[in-house]
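Beneath this line is the structure, given in structure tokens, with notes to follow.
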Amino acid sequence: QVQLVESGGGLVQPGGSLRLSCAASQSISSFKYMYWYRQRPGKEREMVAISSAWGHTNYPDSVRGRFTIARDDAKNTVSLEMKNLTPEDTAVYYCKAERDSEGYWGPGTQVTVSS
């Protein structure tokens, strides 16, 4: 079982940038997919970025062009670069590792976008 720990959250002004990082307790090379999800206040958890083991990435329209996911299998980390943040990006951000039918979540990191 892999442990995931997110870091890098905090308070940022609208228009600002933030970089989140997710560190895994073991190799992530066997995980087909690494994700970033977020849960905004009063909303369901939603996927904001996916990275496959073969290098494919995808994003929903709400963040495409502003968010960038990068997995580093050598360091067992996955990051999420976020730019041009708006108050609507305020959420708890979660990292998820998935292989076959197994899915593992980190505890999340809070991102607050506010002036």
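The values are calculated or read from the model by the stated rules, or taken from the named source; none is laboratory data. Since we're looking at a predicted model, the values are computed, not measured. Glycine gets a Cβ as well: all are built from the backbone with ideal geometry, and neighbour counts include every protein chain shown. The protein model used for the area step is the full one, side chains on, heavy atoms only, and it has no ligands, DNA or RNA in it. Shrake-Rupley method; radii C 1.70, N 1.55, O 1.52, S 1.80 Å.
Projecting the Cα atoms of Leu4, Thr77, Thr90 onto the charge dipole of the chain, computed from C-beta unit charges around the Cα centre, puts Thr90 farthest toward the positive end. Among the GluC sites (Glu not before Pro) in region 10-88, those placed in a DSSP loop whose Cβ has at most 12 other Cβ atoms within 10 Å are Glu44. The share of accessible area on the chain that comes from carbon and sulfur is 46 percent, using a 1.4 angstrom probe. Straight-distance candidates among the lysines for linking to Lys32, with alpha-carbon spacing under 24 Å and chain neighbours fewer than 8 residues away dropped: Lys75, Lys96.
Note that the chain presents 52 Å² accessible area per residue, ligands and nucleic acids not counted, probe 1.4 Å.
With K and R counted +1 and D and E -1, the other residues having a Cβ less than 13 Å from that of Gly55 yield a net charge of 0. A cut-off of 5 Å between modelled amide H atoms, ignoring neighbours fewer than 5 places along the same chain, links Leu85 with Gly15, Gly16. Computed over Cα pairs, the Kirkwood radius of the chain leads via Stokes-Einstein (0.692 mPa s, 37 °C) to a diffusion coefficient of 235 µm² per second.
Looking at region 1-106, the chymotrypsin sites (Phe, Trp or Tyr not before Pro) that sit in a DSSP loop and have at most 15 other Cβ atoms within 10 Å of their own Cβ are Trp54.
Region 12-43 and region 75-114 have Cα centres lying 2 Å from one another. Seen from a random direction on average, the alpha-carbon convex hull of region 26-70 projects onto 3.9 square nanometres. The trypsin sites (Lys or Arg not before Pro) of region 49-115 that meet both conditions, a loop assignment by DSSP and at most 12 other Cβ atoms within 10 Å of the site Cβ, are Lys75. Note that region 39-44 has calculated 3J(HN,Hα) couplings of 10, 7, x, x, 10, 6 Hz, one per residue in order, obtained from phi through the Karplus relation 6.51 cos²θ - 1.76 cosθ + 1.60 (θ = phi - 60°); glycine and proline are x.
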